[in-house]
1. Which residue pairs have Cβ atoms closer than 6 Å, lie 6 or more positions apart in sequence or on different chains, and pair a first residue in the range 19-48 that is over 11 Å from ILE61 (Cα atoms) and open to solvent by less than 10 Å² (accessible area, probe 1.4 Å) with a second residue that is charged (D, E, K, R) and in a loop (DSSP other than H, G, I, E, B)?
Amino acid sequence: MNQEITAAELRERLEAGEKLNLIDVREVDEWQDGHIAEAKLIPLSEFTERLDEIEKNDQPIYVICRSGGRSGKVCSYLAPQGYNVVNIQGGMLAWSGDVVTGE
C-alpha cells in the first residue's frame, strides 16, 4: 500500500517551509498550464529513462499528476525498488495553492 497525503496537506507542508522532494509526472503541456513552484517535472512518458534524477535516500518523494492516477502508478513502480514515495491524492485538480505557468 502506497503512502498518500491530500493536496491540502501538501500545501500546508510547503507553506510551513518544508523542503520537499516533489515530482510532477504530467506531460510538458500540462506542466506549462500550471504547476507547483517547488515541483520538478519528470513526465511519465520519460520516467524510466530519467530515473537516475531521483535520489534514493530516506527522504520521501512526493509524486503529483493531474488527478492522482499516474502518480499512483509511479509510486507503485518506485516503492518496490526501495524508494520512499508518497502519492498526492486528487493531484493538481485538488490543489488550491498558487501555481506557476510556463517553463
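1. Partner pairs satisfying both residue conditions: PRO43/GLU27.
Residues are listed down the side, and each one gets a yes or a no for (1) hydrophobic (A, V, I, L, M, F, W, C); (2) assigned to a loop (DSSP other than H, G, I, E, B):
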{"residue": "LEU14", "(1), (2)": "yes, no"}
{"residue": "GLU18", "(1), (2)": "no, yes"}
{"residue": "SER45", "(1), (2)": "no, no"}
{"residue": "ASN57", "(1), (2)": "no, yes"}
{"residue": "LYS73", "(1), (2)": "no, no"}
{"residue": "SER76", "(1), (2)": "no, no"}
{"residue": "PRO80", "(1), (2)": "no, no"}
{"residue": "TYR83", "(1), (2)": "no, yes"}
{"residue": "GLY102", "(1), (2)": "no, yes"}
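Condition check ((1) open to solvent by 50 Å² or more (accessible area, probe 1.4 Å); (2) in contact (Cβ under 8 Å) with a residue 60 or more places away in the chain) across all residues:
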| site | (1), (2) |
| --- | --- |
| VAL63 | no, no |
| SER67 | yes, no |
| TYR77 | yes, no |
| VAL85 | no, yes |
| GLN89 | yes, yes |
| TRP95 | no, yes |
| ASP98 | yes, yes |
| GLU103 | yes, yes |
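The values are calculated or read from the model by the stated rules, or taken from the named source; none is laboratory data. Note that the coordinates shown come from a computational prediction; the quantities given were computed from them, not determined experimentally. Note: ideal-geometry Cβ built from the backbone for every residue, glycine included; neighbour counts use all protein chains shown. Ligands, DNA and RNA are excluded from the accessible area calculation, which covers all protein heavy atoms including side chains. Shrake-Rupley method; radii C 1.70, N 1.55, O 1.52, S 1.80 Å.
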